[in-house]
1. Using the Karplus curve 6.51 cos²θ - 1.76 cosθ + 1.60 with θ = phi - 60°, work out ³J(HN,Hα) for each residue of the stretch 42-58 in order, rounded to whole Hz, and write x for Gly and Pro.
2. Over the chain, with the other protein chains present, what is the accessible area per residue in square angstrom, probe 1.4 angstrom?
3. Just going by the charge dipole of the chain, with Lys and Arg at +1 and Asp and Glu at -1 on Cβ, which of A7, S66, T21 is farthest out on the positive end?
4. For the chain, with a Gaussian network of springs between Cα atoms less than 10 Å apart, report the residue from I17, I36, I59 with the top mean-square fluctuation.
5. Of the heavy-atom accessible surface of the chain (probe 1.4 angstrom), what whole percent is carbon and sulfur?
6. Can you tell me the dipole magnitude for the chain around its Cα centre, using point charges on the Cβ only (Lys, Arg +1; Asp, Glu -1), in Debye to the nearest 20?
7. Taking the full set of protein chains and a 1.4 angstrom probe, give the accessible area of L51 in square angstrom, rounded to the nearest 10.
8. Using only DSSP helix segments of four residues or longer, with each worth -39500 (n - 2.57), what per-residue ellipticity at 222 nm results for the chain after dividing by its residue count and rounding to 500?
Amino acid sequence: MGEYTRALGYHEKALHIFQRTLSANHPMMATCYFLIGTVYESMNQNSEALLHFDKALYIRTRVFPSHHPD
(Lines give C-alpha, C1' and ligand atoms only; values in the text may rest on other atoms or scores of the structure.)
Protein backbone atom coordinates (compact mmCIF):
# COMPACT_ATOMS: atom_id res chain seq x y z
CA MET A 1 0.00 0.00 0.00
CA GLY A 2 2.96 2.29 0.59
CA GLU A 3 3.81 2.64 -3.09
CA TYR A 4 0.21 3.55 -3.93
CA THR A 5 0.25 6.20 -1.23
CA ARG A 6 3.52 7.53 -2.59
CA ALA A 7 2.17 7.59 -6.16
CA LEU A 8 -0.99 9.33 -4.97
CA GLY A 9 1.12 11.98 -3.27
CA TYR A 10 3.04 12.69 -6.46
CA HIS A 11 -0.12 12.89 -8.56
CA GLU A 12 -1.79 15.20 -6.05
CA LYS A 13 1.30 17.40 -6.00
CA ALA A 14 1.15 17.62 -9.79
CA LEU A 15 -2.56 18.44 -9.60
CA HIS A 16 -1.88 21.35 -7.23
CA ILE A 17 0.79 22.69 -9.58
CA PHE A 18 -1.55 22.37 -12.57
CA GLN A 19 -4.36 24.10 -10.66
CA ARG A 20 -2.09 27.10 -10.13
CA THR A 21 -0.73 27.22 -13.67
CA LEU A 22 -3.39 25.88 -16.06
CA SER A 23 -7.03 26.60 -16.77
CA ALA A 24 -9.56 24.36 -15.05
CA ASN A 25 -10.47 22.74 -18.38
CA HIS A 26 -6.94 22.06 -19.60
CA PRO A 27 -6.45 18.48 -20.90
CA MET A 28 -3.56 17.93 -18.48
CA MET A 29 -5.98 18.50 -15.61
CA ALA A 30 -8.13 15.67 -16.98
CA THR A 31 -5.08 13.43 -17.26
CA CYS A 32 -4.07 14.19 -13.70
CA TYR A 33 -7.56 13.44 -12.34
CA PHE A 34 -7.58 10.20 -14.33
CA LEU A 35 -4.21 9.11 -12.94
CA ILE A 36 -5.32 9.87 -9.39
CA GLY A 37 -8.43 7.81 -10.07
CA THR A 38 -6.36 4.85 -11.24
CA VAL A 39 -4.34 4.91 -8.02
CA TYR A 40 -7.50 4.96 -5.92
CA GLU A 41 -8.90 2.13 -8.02
CA SER A 42 -5.75 0.09 -7.37
CA MET A 43 -6.21 0.75 -3.66
CA ASN A 44 -9.81 -0.57 -3.91
CA GLN A 45 -11.19 2.85 -3.01
CA ASN A 46 -13.67 2.76 -5.84
CA SER A 47 -15.91 5.62 -4.74
CA GLU A 48 -12.92 7.97 -4.59
CA ALA A 49 -11.69 6.64 -7.92
CA LEU A 50 -15.08 7.29 -9.50
CA LEU A 51 -15.08 10.90 -8.31
CA HIS A 52 -11.75 11.50 -10.05
CA PHE A 53 -12.75 9.61 -13.19
CA ASP A 54 -15.90 11.75 -13.38
CA LYS A 55 -13.85 14.95 -13.11
CA ALA A 56 -11.55 13.74 -15.88
CA LEU A 57 -14.47 12.82 -18.12
CA TYR A 58 -16.20 16.14 -17.47
CA ILE A 59 -13.12 18.07 -18.63
CA ARG A 60 -12.42 15.85 -21.63
CA THR A 61 -15.98 16.06 -22.94
CA ARG A 62 -15.78 19.85 -22.84
CA VAL A 63 -12.32 20.18 -24.36
CA PHE A 64 -12.42 17.61 -27.16
CA PRO A 65 -15.10 17.11 -29.83
CA SER A 66 -17.13 13.90 -29.72
CA HIS A 67 -15.26 12.47 -32.73
CA HIS A 68 -11.82 12.97 -31.11
CA PRO A 69 -9.81 9.71 -31.04
CA ASP A 70 -9.19 9.94 -27.29
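The values are calculated or read from the model by the stated rules, or taken from the named source; none is laboratory data. Bear in mind that the values here come from a model prediction, so they are computed numbers and not experimental data. Glycine gets a Cβ as well: all are built from the backbone with ideal geometry, and neighbour counts include every protein chain shown. Surface areas here come from the heavy atoms of the whole protein model, side chains and all, with no ligands, DNA or RNA. Shrake-Rupley method; radii C 1.70, N 1.55, O 1.52, S 1.80 Å.
1. Going residue by residue, I get 5, 8, 6, 9, 5, 5, 5, 4, 4, 4, 6, 5, 4, 4, 4, 5, 4 Hz, with x marking Gly and Pro.
2. Values: 4890 Å² over 70 residues.
Per residue, the chain has an accessible area of 70 Å².
3. It is T21.
4. Of I17, I36, I59, the Gaussian network model singles out I17 as fluctuating most.
5. Numbers: 2820 of 4890 Å².
So the carbon and sulfur contribution to the accessible surface is 58 percent.
6. Details: 6 positive and 6 negative charges, 54 e Å.
That gives the chain a dipole magnitude of about 260 debye.
7. 100 Å²
8. Details: 3 runs with 54 residues, N = 70.
Taking each H run of at least 4 residues, the total per residue is -26000 deg cm²/dmol.
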